[in-house]
Amino acid sequence: MTGEGIPPADTLAQLRSELAQARQQISDMAAAQEDFLRGVSHDLRAPLRHVTSYGALVREVLQEQPPQVDEALGFLATMEQSARRMAQMIDGLQAIARARSAALRPRAVALTAAVQEARQALGAAAEGAAWNIAPDLPVVQADAELLAQLLVQLLGNAVKFSRGVAQPRVQVQAEPAAQGGVRITVRDNGVGFDGTRAQQLFGVFQRMHREAEFEGVGAGLALCQAIAQRHGAHIQATAAPGAGCTVALEWPAAAR
């Protein structure tokens with residue numbers, strides 16, 4: 001007789017077998033997805049190289065001709081710009097795919113140092129803003145490389161979308177969250193956007209502003225979400241037009 005509420009041994013064995021099969025199927029699907037993205041990215045880059053290289057050659061030829069070819073030169077400029085944008089989109093897809101499939105190597109990461117390193121990685125772009133980084137940011141459990149990518153994206157966005165205001169500010173804080181976790185916030189005083197569309201930000205190639213206003217292809221926050229999900233974290237954004245944006249990360253006590 002089995003204990004009350006405990007399934008028979010043969011039922012448990014069957015459940016374990018089904019669970020193992022499900023895990024293997026998920027693993028196979030992830031590997032197939034990665035192979036697909038790798039193949040597509042490789043195949044798309046070949047025509048891109050032709051567009052950019054032959055476009056430059058055509059430009060050289062046209063520049064030797066009379067002024068009536070100015071319109072054709074304009075077409076070439078648009079073509080080259082589109083090719084560069086497509087290359088950036090491919091890079092974004094590859095970064096997201098790597099973040100979703102890379103083996104996690106969680107360890108204790110000092111958030112203060114990680115934020116400062118991400119700020120330095122932005123180079124000259126970070127110099128125009130006033131920074132307010134809390135001095136007592138905690139230690140979190142994370143894959144250091146993936147966390148660095150996430151922080152660079154968040155801080156870079158904060159700088160980018162606040163550079164048009166008179167006194168751009170970027171604030172990074174953290175506070176205790178449920179079950180021993182940490183709530184990390186990155187806040188700017190930039191242009192903001194319609195807050196009702198906030199969750200759309202985390203979709204691939206989603207943008208709240210025209211490309212003519214702010215550069216980028218809309219892959220950065222999708223990458224951030226992929227990294228957060230790998231760690232069992234939750235990411236969300238709040239904003240209002242002209243009132244800046246706050247991105248909050250609910251980071252668990254330990255990577256899952």
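The values are calculated or read from the model by the stated rules, or taken from the named source; none is laboratory data. Please read all numbers here as calculations on a predicted model, not as lab measurements. Please note: Cβ atoms are built from the backbone with ideal geometry, for glycine as well, and neighbour counts cover all protein chains shown. Note: accessible area is taken over every heavy atom of the protein model, side chains too, but ligands, DNA and RNA are not part of it. Shrake-Rupley method; radii C 1.70, N 1.55, O 1.52, S 1.80 Å.
Counting the residues of region 209-232 that are within 8 Å of the chain's Cα centre (by Cα) and either among the charged types (D, E, K, R) or closer than 21 Å to residue 191 by Cβ (or both) gives 5. Residues in region 137-175 that are in contact (Cβ under 8 Å) with a residue 12 or more places away in the chain and not in a helix (DSSP H, G or I): 20 in all.
Would region 202-209 turn up any residue that is assigned to a helix (DSSP H, G or I) and either crowded, with 20+ Cβ neighbours inside 10 Å or without any contact (Cβ under 8 Å) to a residue 40 or more places away in the chain (or both)?
Yes, region 202-209 has at least one match.
Might you let me know whether region 213-228 holds any residue that is touching a His at 6+ places or on another chain (Cβ under 7 Å), under 26 Å from residue 93 (Cβ atoms), part of a helix (DSSP H, G or I) and at pLDDT 90 or above? So far as region 213-228 goes, yes, one or more of its residues are touching a His at 6+ places or on another chain (Cβ under 7 Å), under 26 Å from residue 93 (Cβ atoms), part of a helix (DSSP H, G or I) and at pLDDT 90 or above.
State whether the residues of region 88-97 include one that is open to solvent by 100 Å² or more (accessible area, probe 1.4 Å), at pLDDT 75 or above and closer than 30 Å to residue 142 by Cβ.
Narrowing region 88-97 to residues open to solvent by 100 Å² or more (accessible area, probe 1.4 Å): none.
No, region 88-97 has no match at all.
If you check 77, 72, 121, 110 for being more than 16 Å from the chain's Cα centre (by Cα) and under 30 Å from residue 167 (Cβ atoms), only one passes: 110.
The set of residues from region 103-136 being touching a residue at least 60 places away in the same chain (Cβ under 8 Å) and not in a helix (DSSP H, G or I) comprises 104, 106. Does residue 155 count as under 15 Å from residue 119 (Cα atoms), surrounded by 19 or more Cβ atoms within 10 Å (Cβ to Cβ) and within 16 Å of the chain's Cα centre (by Cα)? When the stated conditions are applied, residue 155 passes them.
Have a look at 60, 80, 127, 145 and point out the one that is surrounded by fewer than 18 Cβ atoms within 10 Å (Cβ to Cβ) and either touching a Cys at 6+ places or on another chain (Cβ under 8 Å) or at pLDDT 95 or above (or both). Just a single option satisfies the conditions, and that option is 145. Scanning region 113-124 for residues that are within 23 Å of residue 182 (Cβ to Cβ) and either touching a Pro at 6+ places or on another chain (Cβ under 7 Å) or open to solvent by 60 Å² or more (accessible area, probe 1.4 Å) (or both) yields 116, 117, 119, 120, 121. Taking region 176-201 as the range and being aliphatic (A, V, I, L, M) and either touching a Leu at 6+ places or on another chain (Cβ under 7 Å) or not in a strand (DSSP E or B) (or both) as the test, the residues that pass are 177, 178, 184, 186, 191, 198, 201. Within region 186-197, is even one residue closer than 20 Å to residue 146 by Cβ and open to solvent by 20 Å² or more (accessible area, probe 1.4 Å)? Scanning region 186-197 turns up no residue that is closer than 20 Å to residue 146 by Cβ and open to solvent by 20 Å² or more (accessible area, probe 1.4 Å). I'm trying to understand the selection: among the residues of region 162-174, which are open to solvent by 50 Å² or more (accessible area, probe 1.4 Å), of a type outside the set (A, V, I, L, M) and over 16 Å from residue 235 (Cβ atoms)? Result: 163, 164, 167, 169.
Quick check on region 229-254: of everything there that is in a loop (DSSP other than H, G, I, E, B) and open to solvent by 30 Å² or more (accessible area, probe 1.4 Å), which residue is modelled with the lowest pLDDT?
254
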